[in-house]
Amino acid sequence: MGVLEVVGVASILPFMQLMAEPDAIEKSRWLNAIYEFFHFENPRQMLIYSGIGIIALIGVTNLFTIFTTWLRYKFSWEIAHQLSVRLLRTYIHKPYNFYLDNNSSQVNTYIISEVGNLTGGVIIPIIEIFSRLFMSIVILSMLVFVDPKVAMIMFGGLGGAYLIIYLSQKNYLKRIGVLRIKTNLLRYQSLQELLQGIKTIMVYNKREFFYNRYSQASWEFSNIQPKYNLLLSIPRSVLEFLAFGSILGVTIYLYITAGNIQSAIPRLSLYAVAGYRLLPAMQKIFTALAKLRHNYPVVDKLHNDLRKSHGDYKMTETIKALPFKDRILLNKINFKYETATRPVIKDLTIELKKGETIAFIGSTGSGKTTLVDLIVGLLNPGKGQIIIDDTPLNASNVKEWQEDISYVPQEVFLFDDTVASNITLGIKAEEVNRKQLERATQLADIHTFISEQLPDGFATEIGENGVRLSGGQRQRLGLARALYKAPSVLILDEATSALDSITEKSIIESLQKLPQDLTTIIIAHRLSTVKHANCIYILDEGKVIAKGTYDSLIDSNKSFQTMVNLS
Ligand code: DGT
Ligand code: MG
């Protein structure tokens, strides 16, 4: 594009020479050569044909500009896509505690909004700088060739002015760049929270408070944009003034030195056309530099996140399950959340035989959920080990261990898709094991509801996070999902708490009829849920304070007796 533009600009000089001085063909070796080459009959004919030629050239140049622009954006957005998915791949492989310590809107904002900013504010400007710089240099060299003095003045004036303006804005641009990322994140975060809490917000009539939270963030963000846009546009006004001034200045200079203006017209036309191309090119370079400066903090942030990722993650979902034959041993494990001051799990040792059902009970906050998060390998113990048969759990085998496990967490996660897809977690409709699906939903006591009450049965869409389902229905979908996987270890964290006692009892009873070697870990507040367990552990502040079967605990443990009496 640069080459084409320069040829377009350069062709003005001989054309205007031809027009201004008919005897130019004899004087100029170049014009003479062209005249001879095309076998023109007279200068008039040459003038007309070269005029048409230049028009055609400008047309081609502009067509080509459209094409290169398309190419440029295509290239940039391809990078944006690559970056966006690479970031997601990095985040998706971060350890679970990353999500405990960071607001989830951060991931959202970076992957979508900031990658967009990176494209528009960094990648496109870099390409812009290269292409415009190349063009400017070629145009300038041509000017130097024609008249070094004028070229130097033109370049020194324009370049110097841009440089001064850029240097004076540089730090401020970066500062508001950092602020922009911060306020953009706040905007996303406050909006996401508002939408998640809409039910509570409505009932408590707190629309104003949450509206203001977003409004504040949006206002701060919007305050930065005009400052940034102003900074980008200032040089244009200054430079237009300088350019017009210099064209007039050069006219006067040539008028004085050349004596008559007639012979100066070809050159003046060249300067005008060169300026016409050079000015926007330099303006674009400046804008691109300013954008780069402003958006540099984004590069810093995203680069940091990408760099901290280790290698190329495999996304494959077919992982071989870790052999589990005999026991799970928690050997003196300790755990403290990074952001907490006190440990949650203290020197805890538990052995659990394959095929057993054990239960954790204890007051709220005693560490039950944390303990199962450790067992499934979402969290890593600070001290101590989790040993499966004889294999200690570590980063390299945790995925294989998770293949053995189905975990129904306290909050069942549902997504806006069909019932079947929510149970099988994204297995393609044609690959779903229909029999297993039926069986899992029967065991979870939700089969009748799905087939008789939902309009499209298993193909019914359940809405965002399952809004079209009741709390108990959501829990039973969570259970059906766990059973569909046919695990060897089933972990239920308050997984039946939203069910009525009768439904819960029938589900627990059907779970007991499952294959003998299913190992079950149940957390429950309702004691009837854990009555049948082989061993019940009472947790308090991260320690086991008593253990035994339901009956033996009733006999031996005072606080257990109180719990039973209360329930
Ligand atoms: P629950 O579900 O109310 O019956 O209580 P548990 O026994 O499941 O308690 P758990 O394990 O969720 O929490 C134990 C303690 O750890 C409690 O004091 C809250 C604290 N904790 C839980 N999650 C986090 C976290 O992500 N960061 C920090 N700093 N502390 C946490
Ligand atoms: Mg819990």
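Observations, loosely collected:
- Residue within the range 308-331 that is in contact (Cβ under 8 Å) with a residue 24 or more places away in the chain, within 16 Å of ligand 1 (Cβ to nearest atom), aromatic (Phe, Trp, Tyr) and in a loop (DSSP other than H, G, I, E, B) present: no
- Note on the range 458-492: residues that are in contact with a helix residue (DSSP H, G or I) (Cβ under 7 Å, 6 or more places away or on another chain) and either within 16 Å of ligand 2 (Cβ to nearest atom) or free of Cβ contacts under 8 Å to residues at least 12 places away in the same chain (or both) amount to 1.
- One residue from 368, 435, 399 being over 30 Å from residue 557 (Cβ atoms), assigned by TED's automatic domain parsing to the domain that holds residue 559 and of a type in the set (Lys, Arg): 399
- Within the range 353-363, being away from ligand 2 (no atom under 13 Å from the Cβ) and open to solvent by 10 Å² or more (accessible area, probe 1.4 Å) holds for 353, 354, 355, 356, 357.
- Residue check for residue 456: open to solvent by 20 Å² or more (accessible area, probe 1.4 Å), modelled with pLDDT of 90 or more and more than 30 Å from residue 558 (Cα to Cα): yes
- Close contacts from the range 493-508, counting a first residue that is under 23 Å from residue 364 (Cα atoms) and a second that is of a type in the set (Phe, Trp, Tyr) and away from ligand 2 (no atom under 16 Å from the Cβ), with Cβ to Cβ under 8 Å and a gap of 6+ residues or different chains, come to none at all.
- Residues (without any contact (Cβ under 8 Å) to a residue 40 or more places away in the chain, among the aliphatic types (A, V, I, L, M) and not in a loop (DSSP other than H, G, I, E, B)) located in the range 372-398: 398
- Taking each residue of the range 55-75 that is over 10 Å from residue 1 (Cα atoms) and looking for partners that are part of a helix (DSSP H, G or I) with beta-carbon atoms closer than 6 Å, six or more apart or interchain, yields 57/8; 58/8; 72/127.
- Checking each residue in the range 80-97 for being in contact with a helix residue (DSSP H, G or I) (Cβ under 8 Å, 6 or more places away or on another chain) and surrounded by 14 or more Cβ atoms within 10 Å (Cβ to Cβ) picks out 80, 83, 84, 86, 87, 88, 90, 91.
- Residue 188 vs. criteria at pLDDT 85 or above and either surrounded by 17 or more Cβ atoms within 10 Å (Cβ to Cβ) or closer than 30 Å to residue 254 by Cβ (or both): yes
- Test: residue in the range 327-334 that is open to solvent by 20 Å² or more (accessible area, probe 1.4 Å) and in contact with a Phe, Trp or Tyr (Cβ under 9 Å, 6 or more places away or on another chain): no
- Residue 19 vs. criteria part of a helix (DSSP H, G or I) and open to solvent by 90 Å² or more (accessible area, probe 1.4 Å): yes
- Among the residues listed as 519, 503, 562, the single one being in contact with a strand residue (DSSP E or B) (Cβ under 9 Å, 6 or more places away or on another chain) and assigned by TED's automatic domain parsing to the domain that holds residue 364: 519
- Hey, residue 344 out of contact with any Lys or Arg (no Cβ under 9 Å at 6 or more places or on another chain), within 16 Å of ligand 2 (Cβ to nearest atom) and either over 25 Å from residue 442 (Cβ atoms) or in the same structural domain as residue 541 (by TED's automatic domain parsing) (or both) or not: no
The values are calculated or read from the model by the stated rules, or taken from the named source; none is laboratory data. Please read all numbers here as calculations on a predicted model, not as lab measurements. Please note: Cβ atoms are built from the backbone with ideal geometry, for glycine as well, and neighbour counts cover all protein chains shown. Only protein heavy atoms, including side chains, enter the accessible area calculation; ligands, DNA and RNA are left aside. Shrake-Rupley method; radii C 1.70, N 1.55, O 1.52, S 1.80 Å.
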